[in-house]
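Colleague: Have a look at this one.
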Amino acid sequence: MKISRRHFIHGSLAGTAGLWLASRQAARAAVKIRLSACDWSLGVTCDPAGMDLALELGLDGLEISAADRAADELKIADPAYLQSYKDAMERTGLVVSSVAMGLLNENPFATDERAPAWLEQTIDGTAALEAKVILLAFFGAGDLIQSKGWFSKGGDLKEKEVDIVVERLKDGVSRAEKAGVILGLENTLSAEQNLSILDRIQSDAVRVYYDVGNSAYSGYDVPREIRDLGDRICQIHFKDGGFALGEGKVDMSAVAEAMEAINYDGWVTLETAVQKRDRDGSFRKNAAFTRDLFQA
């Protein structure tokens, strides 16, 4: 059968597109993720039963809180608290994906005199649970950008506070390095601003805990930032305001492509919203979406 030039070109383009799509799908599948959720998003803050819930929801682990309130000694420093999570891990077969210092939003790392001791306690507790990442939160009162709101873009840094944060992280980094723990900074800063802080500290034990929802709603180009940060990202939060993943403002396909581009190989932690008061259904839906996104 004679094939026209037009049909030949059309067939060749279709074949090329098919090969490109297959190659992209294979690369996406090569991004190995494990899936966890934040204990506060699930309503089980500092509750070891959250591990059982994570198992029921089909997750691989749980991001737990270092404490539910500020005190000289945080819960993460209590041997009984740690043992309760060790028992839960043994019972469920899941792991603690990371430990979050959310209390720093109301008790800023830069200004609370207890913060250096809290960091030491959390490093030791995280290591005891064989987790690898600590989330240091810088929102609300702890925001490092001059802003009146929770989210901000392009504002001036609070230089004095940033200087203190850098020095306190430098003081704690040796302990983190010896423990095999990474300190992940989650904040409203741009990728460039975060990189400038990391460059001042000069340690792979301090990286960025990137939140795609926070950054998108702050007006940043999330896929570009992920590429710019590259392996300086230690862990990633998935959320999209009050929406289910894939239904809101965040271009999740572009996020996945950026993660593919940097060969991300780590935890994705759901900090997603609950729709229609259905916590379990909402998290199952977002977990399924994420696994399908990466064919995981």
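Colleague: Condition (residue is farther than 28 Å from residue 281 by Cα, modelled with pLDDT of 95 or more and surrounded by fewer than 19 Cβ atoms within 10 Å (Cβ to Cβ)) applied to the range 39-53: is it met by at least one residue?
Modeller: Taking the range 39-53 first, the residues farther than 28 Å from residue 281 by Cα are none.
Checked the range 39-53: no residue is farther than 28 Å from residue 281 by Cα, modelled with pLDDT of 95 or more and surrounded by fewer than 19 Cβ atoms within 10 Å (Cβ to Cβ).
Colleague: Search the range 146-164 for residues being within 20 Å of the chain's Cα centre (by Cα) and not aromatic (Phe, Trp, Tyr), and hand back the single one that is modelled with the lowest pLDDT. Steps first, please.
Modeller: First, the residues of the range 146-164 that are within 20 Å of the chain's Cα centre (by Cα): 150-153.
Now restrict to residues that are not aromatic (Phe, Trp, Tyr): 152-153.
Working: 152: 55, 153: 61.
Once the filter is applied, the top-ranked residue is 152.
Every residue, every condition in (1) farther than 22 Å from residue 108 by Cα; (2) aromatic (Phe, Trp, Tyr); (3) in contact with a Gly (Cβ under 7 Å, 6 or more places away or on another chain), yes or no:
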residue: 196; (1), (2), (3): no, no, no
residue: 211; (1), (2), (3): no, no, no
residue: 226; (1), (2), (3): yes, no, no
residue: 232; (1), (2), (3): yes, no, no
residue: 235; (1), (2), (3): no, no, yes
residue: 241; (1), (2), (3): yes, no, yes
residue: 272; (1), (2), (3): yes, no, no
residue: 293; (1), (2), (3): yes, no, no
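Colleague: Given the conditions (1) more than 23 Å from residue 236 (Cβ to Cβ); (2) part of a helix (DSSP H, G or I), report the number of the one that residue 85 does not fulfil.
Modeller: (1)
Colleague: Related question: Can you name the number of the only condition in (1) out of contact with any strand residue (DSSP E or B) (no Cβ under 7 Å at 6 or more places or on another chain); (2) in a helix (DSSP H, G or I) that residue 287 fails?
Modeller: Of everything listed in (1) out of contact with any strand residue (DSSP E or B) (no Cβ under 7 Å at 6 or more places or on another chain); (2) in a helix (DSSP H, G or I), residue 287 misses just condition (1).
Colleague: Select, from 100, 115, 110, 128, the only residue that is in contact (Cβ under 8 Å) with a residue 12 or more places away in the chain, closer than 21 Å to residue 77 by Cβ and in contact with an Asp or Glu (Cβ under 7 Å, 6 or more places away or on another chain).
Modeller: Working: 115 fails: in contact with an Asp or Glu (Cβ under 7 Å, 6 or more places away or on another chain); 110 fails: closer than 21 Å to residue 77 by Cβ; 128 fails: in contact with an Asp or Glu (Cβ under 7 Å, 6 or more places away or on another chain).
Result: 100 is the single residue among 100, 115, 110, 128 that is in contact (Cβ under 8 Å) with a residue 12 or more places away in the chain, closer than 21 Å to residue 77 by Cβ and in contact with an Asp or Glu (Cβ under 7 Å, 6 or more places away or on another chain).
Colleague: In the range 213-235, is there at least one residue being closer than 29 Å to residue 56 by Cα and of a type in the set (Phe, Trp, Tyr)? Even if it seems obvious, please write down each step before you answer.
Modeller: At the first step, the residues of the range 213-235 found to be closer than 29 Å to residue 56 by Cα are 213-214, 233-235.
Cutting the leftovers down to of a type in the set (Phe, Trp, Tyr) gives us none.
No, the conditions are met nowhere in the range 213-235.
Colleague: Ok, one more. What residue, of 58, 15, is modelled with pLDDT of 55 or more and part of a loop (DSSP other than H, G, I, E, B)?
Modeller: On the way: 15 fails: part of a loop (DSSP other than H, G, I, E, B).
After ruling out the rest, the residue left standing is 58.
Colleague: Could I ask something else about it? Which residues, taken from the range 88-113, are of a type outside the set (Ser, Thr, Tyr) and assigned to a helix (DSSP H, G or I)?
Modeller: From the range 88-113, those of a type outside the set (Ser, Thr, Tyr) are 88-91, 93-96, 99-110, 112-113; that's our starting set.
Answer for the range 88-113, where residues must be of a type outside the set (Ser, Thr, Tyr) and assigned to a helix (DSSP H, G or I): 88, 89, 90, 91, 102, 103, 104, 105.
Colleague: So which residues in the range 121-139 are within 11 Å of residue 187 (Cβ to Cβ) and either more than 19 Å from the chain's Cα centre (by Cα) or not in a strand (DSSP E or B) (or both), if there are any at all?
Modeller: Taking the range 121-139 as the starting set, the residues that turn out to be within 11 Å of residue 187 (Cβ to Cβ) are 135-139.
Once the filter is applied, which keeps residues that are within 11 Å of residue 187 (Cβ to Cβ) and either more than 19 Å from the chain's Cα centre (by Cα) or not in a strand (DSSP E or B) (or both), the range 121-139 yields 138, 139.
The values are calculated or read from the model by the stated rules, or taken from the named source; none is laboratory data. None of these values were measured; they are calculated from a predicted model. Don't worry about glycine lacking a Cβ; one is built from the backbone with ideal geometry, like all the others, and counts go over all protein chains shown.
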